[in-house]
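Here's the structure, in structure tokens; my notes come after.
The values are calculated or read from the model by the stated rules, or taken from the named source; none is laboratory data. Owing to the predicted nature of the structure, the values given are computational and were not obtained by experimental measurement. Because the Cβ atoms are built from the backbone with ideal geometry, glycine has one as well, and the counts that use them run over all protein chains shown. In case anyone asks, the SASA skips ligands and DNA or RNA and just uses the protein heavy atoms, side chains included. Shrake-Rupley method; radii C 1.70, N 1.55, O 1.52, S 1.80 Å.
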Amino acid sequence: METHIMIKYTRMYCLFLMVISTILCIYTIDIECDTWYNILTIRESYNHVNGALLSPVVFKSQLYYFDERTIVDRDLNVLKRKKKIRVFNSPKMIVSSILVMDDYLYIMDQLKDTLEMPEEDLSIIDTFKDFIGDYRNYHIRKTSLKKKLKCSDKEITILVQAGIIISEGPYLWFRIPNLGKVTQICKKAKASLLRIIRKKRFQEIMQMELEAKNIPSSPFDTLFHIRDLIGRDVLGKKDTTSGVVIFLK
């Protein structure tokens, strides 16, 4: 009997420690969180893109380049709770996409300046901004969104036209405006990098050599794409005495 009681209280104590650990993580994570720092590092790649109207999206796969998936996923959940970031996903997306929350809100403000619509019609975007900060799911039913925003079908259509939401199946999925431009760039860059590696004798190359390659179809540096492809398990990396080697999986 005493043994069962001890096991019961031991389990309760372990659960208590897990809860406390999670709470401390939520309230202490910030710049000292590696994943947050890595998001900002990748985001800086867009500062060097000239003349391209691209949303500064970070792919989850790029974060897997830096750390174990379980650690990245844990950190992202905490950052979502702290409203530092917004994570996007949908049935047609191969990998989740991330925006810094400030960037996301700024993009929606910019949309209001570019859409050729009456000012009163665009007010729904401000209403949406007030709602989205506290809503962390990837999607929502149309009836639920209309209820939460207290809006009409016409206003939902405006959000769709603005590229803020998209209808797929029974749900409305939140999306990143102009995400398609970035994914197309990454698709072409992937083809270029794979051609380079496949031409190598053992289908592997020093990372420094690969980073030095120019990809004409991409405004980003090559490392931006290397991180993405390693995180997607298209490429692998290994440490050698000569440096890091990138190889085709």
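Given the conditions (1) open to solvent by less than 80 Å² (accessible area, probe 1.4 Å); (2) part of a helix (DSSP H, G or I); (3) out of contact with any strand residue (DSSP E or B) (no Cβ under 9 Å at 6 or more places or on another chain), and given that GLY163 satisfies all but one, which numbered condition is not satisfied?
It is condition (2) that GLY163 fails.
Please enumerate the residues belonging to the range 141-166 that are over 22 Å from GLU119 (Cβ atoms) and touching an Asp or Glu at 6+ places or on another chain (Cβ under 9 Å).
LYS142, the sole residue that qualifies.
Rundown of residues vs (1) open to solvent by less than 60 Å² (accessible area, probe 1.4 Å); (2) over 25 Å from ILE156 (Cα atoms); (3) over 11 Å from the mean Cα position of the chain (by Cα), yes/no style:
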residue: VAL49; (1), (2), (3): yes, yes, yes
residue: LEU99; (1), (2), (3): yes, no, no
residue: GLN110; (1), (2), (3): no, no, yes
residue: ASP113; (1), (2), (3): no, no, yes
residue: PHE131; (1), (2), (3): yes, no, yes
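Test each condition in (1) crowded, with 18+ Cβ neighbours inside 10 Å; (2) touching a Gly at 6+ places or on another chain (Cβ under 8 Å); (3) over 26 Å from LEU229 (Cα atoms) for LYS83 and report the one that comes out false.
(1)
Name the one entry in LEU223, LEU179, LEU193, LEU210 that is modelled with pLDDT of 95 or more and closer than 30 Å to MET108 by Cβ. Write out each step before concluding.
Numbers: LEU179 fails: modelled with pLDDT of 95 or more; LEU193 fails: closer than 30 Å to MET108 by Cβ; LEU210 fails: closer than 30 Å to MET108 by Cβ.
Of LEU223, LEU179, LEU193, LEU210, the one residue that is modelled with pLDDT of 95 or more and closer than 30 Å to MET108 by Cβ is LEU223.
Could you run through the range 133-147 and say how many residues are exposed (fewer than 15 other Cβ atoms within 10 Å of the Cβ) and either in a helix (DSSP H, G or I) or polar (S, T, N, Q) (or both)?
5
Out of SER123, SER90, report the one residue that is surrounded by 14 or more Cβ atoms within 10 Å (Cβ to Cβ) and not in a helix (DSSP H, G or I). Talk me through it step by step, then tell me what you get.
Values: SER123 fails: not in a helix (DSSP H, G or I).
Result of the check over SER123, SER90: SER90.
I want to confirm something. Restricting to the range 189-204 and keeping residues that are loosely packed, with under 14 Cβ neighbours inside 10 Å and of a type in the set (Lys, Arg), which single residue is nearest to ILE166 (Cα to Cα)?
Here the answer is ARG195.
Those residues that are in contact with a strand residue (DSSP E or B) (Cβ under 7 Å, 6 or more places away or on another chain) and part of a helix (DSSP H, G or I), I need them from the range 199-230; list them, please. Walk me through how you get there before you give the answer.
Going residue by residue through the range 199-230, those that are in contact with a strand residue (DSSP E or B) (Cβ under 7 Å, 6 or more places away or on another chain) are 203-208, 210, 226, 228-230.
Of everything in the range 199-230, those that are in contact with a strand residue (DSSP E or B) (Cβ under 7 Å, 6 or more places away or on another chain) and part of a helix (DSSP H, G or I) turn out to be GLN207, MET208, LEU210, ILE226, ASP228, LEU229, ILE230.
Return the pair list, or none, for Cβ contacts closer than 9 Å from residues in the range 209-220 that are more than 19 Å from VAL182 (Cβ to Cβ) to residues that are part of a loop (DSSP other than H, G, I, E, B) and open to solvent by 80 Å² or more (accessible area, probe 1.4 Å), at least 6 apart or on different chains.
Qualifying pairs under 9 Å: GLU211/ASP221.
Right, ILE85: in contact with a strand residue (DSSP E or B) (Cβ under 9 Å, 6 or more places away or on another chain), over 24 Å from LEU235 (Cβ atoms) and modelled with pLDDT of 90 or more or not?
yes
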